[in-house]
Amino acid sequence: MAVKYINRGSAATVQASEKTRDDEWSNLLVRVGKDRDRASFEQLFGHFAPLIRGFQFSRGGQSSAPEAADELVQEVMFRVWTKAPTFNPDKASASTWVFTIMRNCRIDALRRSSRQPVTDESLSVEDIWDDSQDEQPLVFLQQSRNQSAIAQGLQSLPPEQSHVIEKAYVEGKSHSEISEELGLPLGTVKSRVRLALKKLQSTLVR
Amino acid sequence: MIQYHPDNNMLLEYASGSLNWAQSLAVSAHIHFCPQCAAQMKMLNNVGGNLLSASAPVASAQREDTALFGDLMQRIEARENEEREEPAAPAKTVKERVSRDPAFSAIPPVVKKLLAQNPVLKWRRLSKGLKEARLKTGQNQLEVAFHRIAPGSKVAEHDHRGKEITLVLYGSFSDGEGVYSKGDFLVREPGQVHRPTATQDQECLCLSVVEAPVALTGLLGRMMNPFLSLKPQ
């Protein structure tokens, strides 16, 4: 798949407007949580549904059937509605929060399709991927600065590094799967990931 | 002070959802103890959020989004009506016997949940001073267990045939390479022989996740091998 960051237009203005827009989605999400506001939810749906589909389609393979993508959208947005009261804009941006929900839905779908029986007593995905653990919220300003710092950082990664990062997140592949697929030694994949993270880390506001 | 953490590669696999269930459980429990890794997770989730908002929007191949939204609202309303009629049952609580045990007094919520689904722990003596209770996690490829080492006890020297993760939940232990206390997260690869010893004054409780059974090294170890009975599922 294409490395989209590189082709993006020149950008201080683009970034500034994206940042404000992300704040806007966060506000809508707060409104959905507090007031159960259906109109705000519909706007969020209109924004995130195509992005979730885009994310899912980039995965390739069997899960990119249109039905599967729409199903994922329905499941993610269902949980967005249910969990919206717990959304805290000081802790995460709307897109990061939706990402974690989408990731959990994909883990659930994988578990259901595996041969392992999932019993009612089993731990749920939310028990293990528990994003409420973080008890130290950043101030909103710092949160949104970090968000755009990481966006910028991702754009400036060398292609071989952003490629492995995208494979990991978008395609949901483990390091060993990426190494097999690209015909690279596992150590190379690991070190590319580490270098990329080091670079992103250095962009953050302390 | 936590000194041993999952590495960035493992944290990224956890954040992106490709790390297996049992190892993710151990990472999750570590994050509960570790503000540093919790902060790193925040960044890693942020990367995911950025990739989502940068993905190329795709329209549904089947129906208009307004129609899909209508379906969704119907499902939500149906669910909410259901809940009004039949409120969800309260969550199961962990058995008192275990929660009165000091070693289990400050365990992370995810480990508490794990206990709730294993209400009766069957402790088996593996060797002098070492006990094990295996846990059901809803997956069989990896073995998840609690290990308790009595104060001052030395565990027989052993190797691992698969990757082993150990998270210290209570007390501390040491081996040739260091001293590990509450929250420390250790990864041992096959071929790394070690001989853990619990601290003199306190017993040690660990959560461990093993890819394949542990093998004792040395002839004596093999003869008295307490781990030999561990079989892959």
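The numbers here are math on the coordinates, done by the rules we state, and not lab data. Keep in mind that what you see is a predicted model, and the values were worked out from it rather than measured. For neighbour counting, all protein chains shown are included, and Cβ atoms are generated from backbone atoms with ideal geometry for every residue, glycine included.
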Mean Cβ count within 10 Å, highest first, over the residues of peptides B:106-112, B:58-64: B:106-112, B:58-64
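For A:Arg59, A:Arg192, which order do you get if you count the other beta carbons within 10 Å of each Cβ and list the fewest first? List each step's numbers first, then the result.
Numbers: A:Arg59 18, A:Arg192 22.
If I rank by nearby Cβ atoms, fewest first, I get A:Arg59, A:Arg192.
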Residue exposure sequence - B:Asp184, A:Asp90 - by fewest surrounding Cβ within 10 Å: A:Asp90, B:Asp184
Other protein chain Cβ atoms within 10 Å, averaged over every residue that makes up A:156-166: 1
Mean projected area in nm² (Cα convex hull; one quarter of hull surface) for the stretch A:156-206: 3.6 nm²
